[in-house]
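Everything on this sheet refers to the single structure shown next.
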Amino acid sequence: MKRHSRALTQVPSGMPAGSPHTEAITQTMAHHTTNNIDLQPLWQQLEINGCTIANRVAVSAIATGHDPQQYAAYLGARARGGAGLIVTGAQSVHPSGDIGWFRAWEPDSEETYRLLAAAVHQHDGKLFGQLHHCGAQQTGSVKLDTAGALIAASALASPVFTTAPTEATVQEIGEMVEAFADAAARMRRGGLDGVEVHAAHGYLLHSFLSPMANRRNDEYGGDPLRRARIVVEVGRAVRARCGDHYPIGVKLSFDEFVGDQGITVPVATETLEILHAEGIFDYVSVSGTSYHSLHEWITSMESGRSGHLAVHSAAAKRVVGDLPVMVTGAVHSVAEAARIVAASEADVVGMVRAQLADPDLVRKARSGQQATIRPCVGANQGCWRRYFRGGQVSCTVNPEVGREKMWGDDYFAPTSNPMRVLVIGGGPAGLKAAESSARRGHDVLVLELHDQLGGQLHFAGRLPGRERWQRLIDHLYGEVTRLGVEVRLGTRATEELVEQIDPDLTVVATGASWDTDGSSAMLGRLDGITGLNYANVLTPIEAIANPDACGTKVMLVDEHGTHAALGLAQLLTRHGCSVTFVTAQHHPGSQTLGVSTLNHPWVYPELVKAGVEFISESVIDRVMPGSVVVGSLYDARSREVEDVDSIVLCMGRTSNADLYRALRQRGRAVECIGDALAPREVDEAILEGAQSARSLRAEDLSRGRRAVR
Ligand SMILES: Cc1cc2nc3c(=O)[nH]c(=O)nc-3n(C[C@H](O)[C@H](O)[C@H](O)COP(=O)(O)O)c2cc1C
Ligand code: SF4
């Protein structure tokens, strides 16, 4: 087979040694390798009431929405990757607390737990089941088979779901206590290694513990002792049903992040003292927040949070002494986890999203391959947002999540028919396609037009607080380099060049370009904005690359309500610009609000303080010499904004698919992925990059079916 000529060196040919990209990579690698934190504290075993946990890295609870078979495959992948302990996602113990996923109250759930336990045990991992009742954190009446109102400590609606619950009666409390115990007994019979009573995050038990959520005056409300009573009763009942020699933990929010009215560290400390004095629980899992403060729980990348709850687990440790304490929240690296354990701030560290992004995190860290760990970027798109949109959890950077069963172990298995693959475009889709093809043993060459890799992600990574996108590009580049892929920067791919290279398959990942005429299919304005030629119009990419080109008074036009426009406003105001933010949405950044990507609270307040003028549900009607007319979408109101130096159009994008179409016409084997196929998000780009390895079907090519897609 004719192979691509290449130098299998650290710096691929076509990439000058001192280029910005290679420098960034060198720095990232240096960060990993000079990071001399001793990881040994993580590799110690830990006993929790007779259950031996192999190491100190856990996958804490995460509800995924997967069906049992897929969920077992997902758990198995994390156990195989080396996590010492895995806690299942929330398992509803009673129909009134149903989150529409696993139903631990159903007798046949025992069988399901057997399946889940087997998936973890085959890799010598340990699996605890999380006992959960959602309380007020659910939309009432959406489930056809769940009648009646939601129940909580008091009749206070969730800030997210807004459905009013009813105050649980003492009889209902007794019923819930029994339900927790029944579910725990089922988990034990199903072979789970322990259980965790979920009393955090604003759910039913948390609503009793929180002074803000519990307004009762009976034996379950008032002082800390009475507020903790239901958790004590649940603990006792679970212990009675599971016996003395079975690990039982409790999960607590140590700070509700709502000030003195809610759970604060002193309040949580007092609660823990009460629980600890009972001697029921074998470990404490420390988390934080309720649904009033979700952004401090599932932190987004611009939060800058890193292991911020370890100070709380340290407080818990001071209460419980030798009893194991687990902490979870924004621990992004094994080095940080090791520091927490070494400092005795916790005994076990939960790394949830980090192990969605890379299930082999522990195995890689243990074998000295820390630098190859795929980083979680913290954009919350593939995990949290997908879940809350009613989908199943996946991961932006790791599309294998949720597809473990479907793809199976041989998805990236070496091919018996290595081929020459040309990837055009070094953005996330192209780099992922190169990585997956090379992993399967194909001979891969990447051509990138620009002098840096990453495509639009490179610019997204330059928005304030969004630097972790660059870490993803660095990771993908590191992987393709390791796999011997040749990357040529500054190279325009043409039909002639492709003919000359003559690959077996060409993968076109040439991305999309921002529209500059103001047309909008979404708004039904296909003719664009009248008079735009009077204005200095920039695309978001141009504005990010050179904010000076925007002048001082900028009008930012947002169509979709994504983070892109918000982040751009942040960049420009920090640069000293005054920004008028015109959005067609009902609220700026509408896609980042609520239970979506959870970054809105980290960005929007800064823009308000910076004096950004927001004009919602509006569009530019026309541009005139010296002024811009902004009109309401819904009535005839309009206003004229004068002296605008530039207009940045954060609107639609159009696929760069000309080369794909031309190659297809020539009858070449070609496939089109990512934004070049249709402008979407990085999630789709990476997924299609991963999938493209599968479409290299030798039979298709040999049968002369030249266009693969
Ligand atoms: C999609 C999703 C579902 C989650 N489900 C649960 C759950 O069922 N129970 C729970 O205690 N925490 C749940 N969590 C919270 C995680 O356990 C963890 O606290 C959070 O992701 C922050 O930790 P990390 O930064 O290590 O990801 C969930 C998180 C995500 C992203
Ligand atoms: S989807 Fe994003 S935030 Fe969630 S685990 Fe994956 S990389 Fe991290």
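Which of the peptides 318-329, 501-512 is most tightly packed, and how do the rest follow, going by the mean number of other Cβ atoms within 10 Å of each residue? Please list the in-between numbers first.
Values: 318-329: 20.2, 501-512: 24.1.
Ranked by mean Cβ neighbours within 10 Å, highest first: 501-512, 318-329.
Per-residue ellipticity at 222 nm for the chain, helices alone: DSSP H runs ≥ 4 residues times -39500 (n - 2.57), over residue total, nearest 500 deg cm²/dmol?
Values: 22 runs with 226 residues, N = 709.
Mean residue ellipticity, 222 nm, calculated: -9500 deg cm²/dmol.
In a solvent-free Debye calculation with one equal scatterer on each Cα, what is log10 I(q)/I(0) for the stretch 516-651 at q = 0.09, 0.11, 0.16 Å⁻¹, listed in the order of the q values?
So the normalised log intensities work out to -0.23, -0.34, -0.75.
Report the far tail of the P(r) of the stretch 126-275, meaning the percent of Cα-Cα pairs longer than 25 Å.
Details: 3048 of 11175 pairs.
The answer is 27 percent, as a whole percent.
Rounded to the nearest 0.05, what FRET efficiency is calculated for A678 and A155 with R0 set to 30 Å and r the Cβ-Cβ distance?
Numbers: r = 46 Å, r/R0 = 1.55.
Efficiency, rounded to the nearest 0.05: 0.05.
Averaged per residue, what accessible area in Å² does the chain show with a 1.4 Å probe, protein chains only?
Values: 26700 Å² over 709 residues.
Accessible area per residue, the chain: 38 Å².
List, in order, the whole-Hz ³J(HN,Hα) value for each residue of the stretch 203-215 obtained from phi through the Karplus relation with A = 6.51, B = -1.76, C = 1.60 and θ = phi - 60°; use x for Gly and Pro.
7, 3, 5, 4, 5, 6, 6, 7, x, 6, 8, 10, 10
Carbon and sulfur atoms: what percent of the 1.4 Å accessible area of the chain do they account for? Could the numbers behind the result be given before it?
On the way: 13000 of 26700 Å².
Carbon and sulfur together cover 49 percent of it.
Can you compute the label reach from Q69? Point 7 Å from Cα along the Cβ direction, backbone N cut-off under 15 Å, restricted to the stretch 89-112.
The answer is 112.
Can you compute the label reach from D451? Point 7 Å from Cα along the Cβ direction, backbone N cut-off under 15 Å, restricted to the stretch 538-566.
Flagged as within label range: 545-546.
Sort the chain into rounded, prolate or oblate with this rule: let a ≥ b ≥ c be the square roots of the eigenvalues of the Cα gyration tensor; rounded if a/c is under 1.5, and if a/c is not under 1.5, prolate when a/b is larger than b/c, oblate otherwise.
Numbers: a/c = 2.01, a/b = 1.37, b/c = 1.47.
Note, shape of the chain comes out oblate.
If you filter the stretch 381-464 for trypsin sites (Lys or Arg not before Pro), then keep DSSP loop positions with at most 10 other Cβ within 10 Å, what is left?
Values: sites: R385, R386, R389, R403, K405, R420, K432, R439, R440, R462; in loops: R389, R403, R440, R462.
Passing sites in the stretch 381-464 are R389.
Pop a pseudo-label 7 angstrom from the Cα along the beta-carbon direction at both R666 and Q500 and give the gap in nm to one decimal.
Inter-label distance under the simple model: 1.1 nm.
Take every DSSP beta bridge with both residues inside the stretch 37-407 and express the antiparallel ones as a percent of the total, to the nearest 5. Don't skip to the end; give the middle numbers.
Working: 3 of 36 bridges.
The antiparallel fraction comes to roughly 10 percent.
Check A512: other-chain or 5+ apart residues with amide H under 5 Å from its amide H, H built from backbone geometry?
For A512, whose amide H was placed from the backbone, the distant partners under 5 Å are N656.
Report, in cubic angstrom per residue, the convex hull volume of the C-alpha atoms of the stretch 37-407.
Measuring per residue, one finds 121 Å³ for the Cα hull of the stretch 37-407.
Along Cα→Cβ, 7 Å out, is where each label goes; now give me the distance between the ones at H123 and N536 in nm to one decimal.
According to this spin-label approximation, the distance is 5.4 nm.
Eight or more residues apart or on different chains, and alpha-carbon atoms under 20 Å: count the Lys pairs in the chain matching that. Working shown, then result.
On the way: K126/K251; K126/K364; K251/K317; K364/K432; K553/K609.
Going through the chain pair by pair, I get 5.
Run the simple label-point estimate for D645 and K553 please: 7 Å along Cα→C-beta, distance reported in nm.
Going from the D645 label point to the K553 one covers 1.1 nm.
So if R0 is 60 Å, what FRET efficiency would R215 and T52 give, r being the distance between their Cβ atoms, rounded to the nearest 0.05? Could the numbers behind the result be given before it?
Working: r = 43 Å, r/R0 = 0.72.
Using R0 = 60 Å, I get an efficiency of 0.85.
Write down the percent of antiparallel bridges among all DSSP beta bridges whose residues are both part of the stretch 516-651, to the nearest 5. Walk me through the intermediate numbers first.
Numbers: 12 of 29 bridges.
Of those bridges, close to 40 percent are antiparallel.
Can you list residues from other chains, or at least 5 along the same chain, whose modelled amide H is less than 5 Å from the amide H of Q130?
Amide H to amide H, under 5 Å and 5 or more residues apart or across chains, Q130 pairs with T88, Q91, E196.
The values are calculated or read from the model by the stated rules, or taken from the named source; none is laboratory data. Everything numeric in this text was worked out from a predicted model, so none of it was measured. Backbone-built Cβ (ideal geometry, glycine too); neighbour counts: all protein chains shown. The accessibility values were calculated without ligands, DNA or RNA, using every heavy atom of the protein model including side chains. Shrake-Rupley method; radii C 1.70, N 1.55, O 1.52, S 1.80 Å.
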